[in-house]
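This report concerns only the one structure given below.
The values are calculated or read from the model by the stated rules, or taken from the named source; none is laboratory data. If you're wondering where the values come from, they're calculated on a predicted model, not measured in any experiment. Cβ placement follows ideal geometry from the backbone for every residue including glycine, while neighbour counts extend to all protein chains displayed.
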Amino acid sequence: MSDDAVNITPGMQHYIDKAAKYLAQRDDYIQNTVKKWKFDTIAVHGLYSVQDAIEDYQGAIIEPIFMSSSQAYRDSDEMAAALAYMIPTWCYSRIANPSTYYYEWALALLEGYGFDGETSCCSTSSGMAAIMTAVHPFLVHTGSDAFEPRNFVATAQCYGGTFQHFTMRLQHERNIEVRWVLDPTDLDEWASKIDKNTRFLYGELPSNPQQGFFDIQKVADLAHSHGLPLICDSTVATPALLRPISHGADIVVQSATKTLTSSGFGLCGAVIARKNLVSKHSDDALKADFALNVKYLTNRDNGPNLHPMQAIMTLNDMRTLRSKVDMMSRSTMAVAEFLQNHPKVESVQYLGLPDHPLHELASRYMWLVDAEHDAQYGKPVNRYGHLMSFCVKGGAGNTRDFFDGLQRIWRATDLGRIKSVATIPAISTHQQQGEEGRQLAGIPANMVRLCVGGEHPDDVKADLDQALNGIGKK
């Protein structure tokens, strides 16, 4: 994993052999114990075992927060082996930390739940740091293509920060072309954007806030037929409802700030990748274990690290992920049905509604994990997440009147909170991409994004109703 070859001393070999034994035991524990657990058990325990707690951490039931900037070593041989990444290490918290490891291991297992292969994870300080971490390694020049143009293909229906990063930071500043797909359900449109200089395909689903969706398996097959990876942003669904790697995607990015961390206490991100991913533009080490490679090399140098306290807070929020997402999904469905019949509402965008044009496609992919093993359901159950959007009749002015009239729903740009939150994307999350960019992404001025939290849905509906009925009465 190191950049340069290292001469191995006998003392270093001792630590390497000791580490190999530890890694073999951990792999056996993962394959023969953890991977046999149900989703909820993995979410609760991850790779933190009773043995870890008793032998290393004085019996602490919850993973400790390692508030230390660096790791000490027994001698020069252990340090040399560690800094060459020949043994497990955390050396410096900009690169790694035991707390971030536990978070990464748990999320890699959850995103890889039901997947036959192996997955690994690299934590980041935010969702945008995760996107940067996921896409930038595929955009570097190699010796053979130093003067070749580079491009990538992405869904125009995406988070405003993603749109800005791709348009401004990559296309305008680095001359790397982003080729927007306007209808991600049209496989021919995807295919028409790909050429010999394309580096990857990127899609967000369900998209924020428009509820865009696409056929993951077909787009992954298309990407792989060209020797390209498919990267998916699955922030809204989380692995409780959708695990793109199981359907052919190579990499998943999570803004764990959102649904995974519903408490809203801080920022957090992650990149989860299948091992041995597809990429004709990358070296063998990067393809073999993308997440670990970028963690130890690219992100070591760029520094988009995650704080250990935030890692444990996020990990703790993830323990009840399935039940939390199920509850918020059911509430969102009830709210969407209410808004669909409200006289002040022009349209409702929610994949769970049977008349949504992408409902059938989304229903093939979005399932509450392990519902068939749940005493409450006992069969597979579709769930569509906590995010929806709707358009208010009467244009931007009425939309602002409604928005200003909310009393219990919070006006903020956040989403995925345990408290319901609303925003007007045209003046907030997607403001900076301009009118032309918003038209490209399908963001009208009268669209409201609503993320339904843990409140009783009747109380959410009541607040929406009074705000809608208050339009024009100021």
request  = State all residues of region 87-117 that are touching a residue at least 24 places away in the same chain (Cβ under 8 Å), assigned to a helix (DSSP H, G or I) and out of contact with any Gly (no Cβ under 9 Å at 6 or more places or on another chain); if no residue qualifies, say none.
outcome  = Pro98, Ser99, Thr100, Glu104, Ala108, Glu111
Qualifying positions in region 37-60 - part of a helix (DSSP H, G or I) and under 21 Å from the mean Cα position of the chain (by Cα) = Phe39, Asp40, Thr41, Ile42, Ala43, Val44, His45
The one condition in (1) assigned to a loop (DSSP other than H, G, I, E, B); (2) modelled with pLDDT of 95 or more; (3) over 14 Å from Asn305 (Cβ atoms) that Phe66 fails to fulfil = (3)
Region 372-397, subset within 20 Å of Ile42 (Cβ to Cβ) and touching a residue at least 12 places away in the same chain (Cβ under 8 Å), residue surrounded by the most Cβ atoms within 10 Å (Cβ to Cβ) = Arg383
Lone unmet requirement of (1) free of Cβ contacts under 8 Å to residues at least 60 places away in the same chain; (2) closer than 30 Å to Pro98 by Cβ for Arg400 = (2)
query = Do you know which residues across region 47-86 are touching a residue at least 12 places away in the same chain (Cβ under 8 Å), closer than 24 Å to Lys35 by Cα and β-branched (Val, Ile, Thr)?
reply = Ile62
query = Is it fair to say Gly143 is farther than 22 Å from Met318 by Cβ, at pLDDT below 95 and in contact with a Gly (Cβ under 8 Å, 6 or more places away or on another chain)?
reply = no
Filter result for the condition that a residue is part of a helix (DSSP H, G or I), of a type in the set (Val, Ile, Thr) and closer than 26 Å to Ala240 by Cα, over Val348, Val325 = Val325
message = Anything in region 153-180 that is assigned to a strand (DSSP E or B), hydrophobic (A, V, I, L, M, F, W, C) and more than 26 Å from Gly416 (Cα to Cα)? List them, or say none.
response = Val153, Val178, Trp180
task = Name the residue, out of Leu450, Leu440, Leu464, that is within 21 Å of the chain's Cα centre (by Cα) and not aromatic (Phe, Trp, Tyr).
result = Leu450
note = When restricted to Tyr365, Tyr384, Tyr377, the only residue over 27 Å from Leu182 (Cα atoms), at pLDDT 95 or above, of a type in the set (Phe, Trp, Tyr) and not assigned by TED's automatic domain parsing to the domain that holds Thr257 is Tyr377
request  = Examine region 152-161 for a residue that is crowded, with 20+ Cβ neighbours inside 10 Å and out of contact with any strand residue (DSSP E or B) (no Cβ under 9 Å at 6 or more places or on another chain), and state whether such a residue exists.
outcome  = yes
ask   = Taking region 183-228 only, how many residues are surrounded by fewer than 23 Cβ atoms within 10 Å (Cβ to Cβ), touching a His at 6+ places or on another chain (Cβ under 7 Å) and over 22 Å from Leu286 (Cβ atoms)?
value = 1
ask   = Only one residue in Ala412, Ala336, Ala441 is among the hydrophobic types (A, V, I, L, M, F, W, C), free of Cβ contacts under 8 Å to residues at least 24 places away in the same chain and either under 30 Å from Gln217 (Cβ atoms) or surrounded by fewer than 17 Cβ atoms within 10 Å (Cβ to Cβ) (or both). Which one?
value = Ala412
inquiry  = Could you check region 233-255 and list, in sequence order, the residues that are within 16 Å of Thr155 (Cα to Cα) and among the basic types (Lys, Arg)?
reply    = none
task = Within region 408-420, identify whether any single residue is over 22 Å from Ser255 (Cβ atoms) and not assigned by TED's automatic domain parsing to the domain that holds Thr259, and answer yes or no.
result = yes
task = From Ser262, Ser279, grab the single residue that is in contact with a Lys or Arg (Cβ under 7 Å, 6 or more places away or on another chain), of a type outside the set (Val, Ile, Thr) and modelled with pLDDT of 95 or more.
result = Ser279
note = Among residues of region 134-193 being of a type in the set (S, T, N, Q) and over 25 Å from the mean Cα position of the chain (by Cα), the residue farthest from Gly434 (Cα to Cα) is Ser144
Candidate set: region 199-225, residues that are farther than 26 Å from Gln164 by Cβ and not aliphatic (A, V, I, L, M); chosen: the one farthest from the chain's Cα centre (by Cα) = Ser225
